[in-house]
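Quick note: the coordinates plus some simple rules give every number you see, no bench work behind them. Computed from a prediction, not measured in an experiment: that's the story for all the values here. Cβ placement follows ideal geometry from the backbone for every residue including glycine, while neighbour counts extend to all protein chains displayed.
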Amino acid sequence: MFKCKSKFMKTALFMTTFGFISANAFCAGTVTGKVDASIPKYAGDAVVYLVGVKGAVVPGHAVVDQKSLVFVPHVTTVPVGSTVDFKNNDKVNHNIFSASPAKKFNLGTYNPGMSKPVTFDKAGVVNLLCNVHSEMSGWVIVTENQYAAVTDHDGHFTIKNVPAGTYEITGWSEKLKPQGKTTVTVTDGGTATVDLKMAK
């Protein structure tokens, strides 16, 4: 905590020389952990996110590619207001669309090498489909803030730059649902570790 305050004071002193103080000078914490899945093979590609974090939402920019008739990555998470570029690096034409309430869109058919953007302005779950290839399916999970992460193959996740406080932490999975209510307490400069239980 002392190091965190010291770092802030030094940064603030430097920035006030130019007449302003950067909000990024404040310290934050990290949330890390693992999805405790009732079916281990579904621990990966889950989205873990924090609920109720106050402060401005920082929109992001992500890329979803199409290769070998697969959406890459299969699951993407972005905060509300973010833009996702949908690329076609396959050898065939594709058409991406979604009928999900959080974002309904249809990009039309486009050729290999092309890219089309979509801005997600509402939090929710968006299922990606292709009119040309019915076997294709992917997901964009739009969260209310930027404090979210997609788990790796074994269910591990890390969420960085979280403001100090106590928050609900929950998740989304294509196959599982979070069990009960889980909270996590974040301190300035600290790392909080939490396991999130998910099951059928």
field: Square roots of 5 times each gyration tensor eigenvalue, C-alpha, segment 78-200, largest first, Å
entry: 32, 16, 13
query: Cα-Cα over 25 Å: which of LYS34/LYS91; LYS103/LYS197; LYS34/LYS181?
result: LYS34/LYS91; LYS103/LYS197
task: Would you list which aspartates and glutamates come within 17 Å of LYS87, measuring only between C-alpha atoms, while excluding same-chain residues fewer than 8 positions from it?
output: ASP65
statement: If the chain between LYS67 and LYS175 were fully extended at 0.36 nm per residue, the gain over the current Cα-Cα distance would be 36.5 nm
message: Assuming 0.36 nm per residue, please report the length gained on full extension of the stretch LYS91 to ASP195 beyond their Cα-Cα distance.
response: 33.3 nm
- line: When the charge dipole of the chain is computed with +1 on Lys and Arg Cβ and -1 on Asp and Glu Cβ about the Cα centre, the Cα farthest towards its positive end, among TYR42, GLY155, GLY180, belongs to GLY180
- prompt: Any idea how far apart LYS160 and ALA123 come out in nm if each label point goes 7 Å out from Cα toward Cβ?
  reply: 2.3
field: Tilt relative to the chain, helix 2-16 - C-alpha long axis, 0 to 90 degrees, to 10
entry: 90
- prompt: Sequence-distant or interchain residues sharing an amide H contact under 5 Å with LYS122, placed H: which?
  reply: GLY81
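Quick one: grab the alpha carbon gyration tensor of segment 96-149, order the square roots of its eigenvalues as a ≥ b ≥ c, and give me rounded if a/c is under 1.5, else prolate or oblate depending on whether a/b is larger than b/c. Can you show the working numbers first?
Working: a/c = 2.07, a/b = 1.76, b/c = 1.18.
The shape class here is prolate.
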